[in-house]
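Enquirer: I have a structure I would like to understand better, so I am pasting it below and will then ask my questions one at a time.
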Amino acid sequence: MVGSETASDFERAKACLENMGKNVVHCGSLGAGQAAKICNNLLLAISMIGTAEAMNLGMRLGLDAGVLASIINTSSGRCWASDTANPVPDVISTAPSTNGYAGGFKARLMLKDLGLVSNAAKESKTPLLLGALSENIYRHISNDPAMVDKDFSVVYKWLKGTEN
């Protein structure tokens, strides 16, 4: 997600940026890449919280986590948070949750990005009901020394209310 003043500036930078990632997208003028990034991470935070809540509810209602995830991932609730980074340990073998929430995108970095989202929303006079709630949730998580440097999918553990 890149912003630049001219198409030629973008093309010159693209060759270098392709060494750092496979999808290099010109988003518009300077600052547009940052805007796209924070919008994407806003949706990512909201979808992870929603996935964690749905999985927690389903398991409390007696559903098997794997069965519920399979249903979600073949139905309208499917999203990256459910099919790739499921926040319930052992549902997706490669997800950070299965590795004690190690690796991935740290909760404190999600809070930082949600702060950028909040600032952008204020500047643009854009209401963000779920964004503000997500920022508050990640603020609570980031105040917990046991969770602050874990992958942001640790929101499941926080919602569940357990320490193990």
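The values are calculated or read from the model by the stated rules, or taken from the named source; none is laboratory data. Here the structure is a predicted model, which is why all the values come from computation and not from measurement. Counting neighbours? That spans all protein chains shown, and the Cβs are built from the backbone with ideal geometry, glycine included. Note: areas computed on protein heavy atoms with side chains; ligands, DNA, RNA excluded. Shrake-Rupley method; radii C 1.70, N 1.55, O 1.52, S 1.80 Å.
Enquirer: Quickly run through segment 78-97 and pick out the residues that are open to solvent by 50 Å² or more (accessible area, probe 1.4 Å) and either within 18 Å of L43 (Cβ to Cβ) or assigned to a helix (DSSP H, G or I) (or both).
Expert: Listed by number, the residues that qualify are R78, W80, T84.
Enquirer: Condition first: polar (S, T, N, Q), within 21 Å of G115 (Cα to Cα) and surrounded by fewer than 16 Cβ atoms within 10 Å (Cβ to Cβ). Now tell me which residues in segment 35-70 satisfy that.
Expert: N40 - this is the single residue of segment 35-70 that is polar (S, T, N, Q), within 21 Å of G115 (Cα to Cα) and surrounded by fewer than 16 Cβ atoms within 10 Å (Cβ to Cβ).
Enquirer: Kindly check whether there is at least one residue in segment 142-152 that is in a helix (DSSP H, G or I), under 16 Å from N41 (Cβ atoms) and touching a residue at least 12 places away in the same chain (Cβ under 8 Å).
Expert: yes
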